[in-house]
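Enquirer: Pasting a structure here, questions to come.
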Amino acid sequence: MRFYEIEFPLAALSSDAVEAALLEAGASSITFIDGGDEPVLEPKPGEVRLWSDTRVRALFQESSDAAANLDRLAAALGPHITKTARVRAVEDQVWERAWLTGWKSMRFGRRLWVIPREAEAPDDAQAIIVRLDPGLAFGTGTHPTTAVCLQILDSLPLSGRTLIDYGCGSGILGIAALKLGAASVTAVDLDPQALLATRDNAMRNGVSAQITVQGIEGELAAAHCVVANILAGPLIELAPKLTAACEMGGHLLLSGLLKRQAYEVKAAYAPGFDMVQVVERDEWCCIHARRAQEPV
């Protein structure tokens, strides 16, 4: 089956109105993409966050008339659509795998590898392997915040320990911890798609029996290591909850923040933690802290 794309800037249009108009015109899929280079990470509950320069890309079957569809979109969204829209043919391909182009095996730290599900294992006798493909939830190791968390996890004594992965996304950090020897993981997220993705990825990596997946409303038993790869604002708001979730003497990894936000996040956790290190990559950083022991 052959397809073509219609792409145009979202500008001041409502994303809901655009989606409705494209579906009415017969679009097979609709994607909102970044027209510039503006990172958008995990939204707050109920928030739909787009870029300041958002472009809309819709896929249509070649059997439908592109000119007629443009006219329908112009009637629904405004005549400027016909002036700003770009139409191009799309080559037929195996769509289920095409979006994985460029996704390659990666090593983090000394032993930990994250590789595509169908890739060959690395030629490394010491390799600890997590198999993962990009999916509905954030987190494959390609983003600096995830990469640094994986690097630090590889260096921690996790064998037989418990871990909380708060804001688990794809489940990559919790699954990696289990592969590194952790006894059990509690994976927490506010997004139902993230919980589904984490369960699926845990099953595919053979660790589903050791991972508990739950929403943010669930209770948290204290763990030896707490990892939260979210955003600076939520990390500050969650300081009391994440502090209580970390055992005395346990490890805390806080990521998803820009380097300029590190001071404020560290200050929120300073009363209960000793700072070990701040690991930086590009403009991002990860705070590694150790829960202070109870006073004698």
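Enquirer: Here are the criteria: (1) open to solvent by less than 90 Å² (accessible area, probe 1.4 Å); (2) in a helix (DSSP H, G or I); (3) at pLDDT 90 or above. Tell me which single one D71 does not satisfy.
Expert: Just one mismatch for D71, condition (1).
Enquirer: Within region 106-123, restricting attention to residues that are open to solvent by 20 Å² or more (accessible area, probe 1.4 Å) and among the aliphatic types (A, V, I, L, M), which residue is nearest to I175 (Cα to Cα)?
Expert: Per the stated criteria, the residue is M106.
Enquirer: Mind listing just one residue for me: the one in region 1-53 that is in a helix (DSSP H, G or I) and open to solvent by 40 Å² or more (accessible area, probe 1.4 Å) and, of those, modelled with the lowest pLDDT?
Expert: So the residue we want is D16.
Enquirer: Got a number for residues in region 175-195 being under 12 Å from S208 (Cα atoms) and in contact (Cβ under 8 Å) with a residue 40 or more places away in the chain?
Expert: Selection size over region 175-195: 2.
Enquirer: Given the residues I152, I129, I81, which is the only one that is modelled with pLDDT of 90 or more, surrounded by 13 or more Cβ atoms within 10 Å (Cβ to Cβ), of a type in the set (A, V, I, L, M) and under 20 Å from T198 (Cα atoms)?
Expert: The match here is I129.
Enquirer: Determine, yes or no, whether E264 is loosely packed, with under 15 Cβ neighbours inside 10 Å, touching a helix residue (DSSP H, G or I) at 6+ places or on another chain (Cβ under 9 Å) and either in a loop (DSSP other than H, G, I, E, B) or among the acidic types (D, E) (or both).
Expert: yes
Enquirer: Here's a follow-up. Filter region 215-232 for residues that are in a loop (DSSP other than H, G, I, E, B), in contact with an Asp or Glu (Cβ under 9 Å, 6 or more places away or on another chain) and of a type in the set (G, A, S) and give the result.
Expert: Answer for region 215-232, where residues must be in a loop (DSSP other than H, G, I, E, B), in contact with an Asp or Glu (Cβ under 9 Å, 6 or more places away or on another chain) and of a type in the set (G, A, S): G215, A222.
Enquirer: Select from region 148-177 the residues that are farther than 18 Å from V276 by Cα and in a helix (DSSP H, G or I) and write down the one among them that is nearest to the chain's Cα centre (by Cα).
Expert: If we take residues in region 148-177 being farther than 18 Å from V276 by Cα and in a helix (DSSP H, G or I), then I172 is nearest to the chain's Cα centre (by Cα).
Enquirer: Filter region 276-296 for residues that are aliphatic (A, V, I, L, M) and farther than 21 Å from T146 by Cβ; which is surrounded by the fewest Cβ atoms within 10 Å (Cβ to Cβ)?
Expert: V296
Enquirer: Of the numbered conditions (1) open to solvent by 20 Å² or more (accessible area, probe 1.4 Å); (2) over 18 Å from A147 (Cα atoms); (3) assigned to a strand (DSSP E or B); (4) not aromatic (F, W, Y), G249 satisfies every one except a single condition; which is it?
Expert: Unmet condition: (1).
Enquirer: Something else about it: Assigned to a helix (DSSP H, G or I) and open to solvent by 60 Å² or more (accessible area, probe 1.4 Å), is that true of L235?
Expert: no
The values are calculated or read from the model by the stated rules, or taken from the named source; none is laboratory data. It should be emphasised that the depicted structure is a prediction, and the values quoted were computed from it without experimental measurement. Note that each Cβ is placed from the backbone with ideal geometry, even for glycine, and that neighbours are counted across all protein chains shown. The protein model used for the area step is the full one, side chains on, heavy atoms only, and it has no ligands, DNA or RNA in it. Shrake-Rupley method; radii C 1.70, N 1.55, O 1.52, S 1.80 Å.
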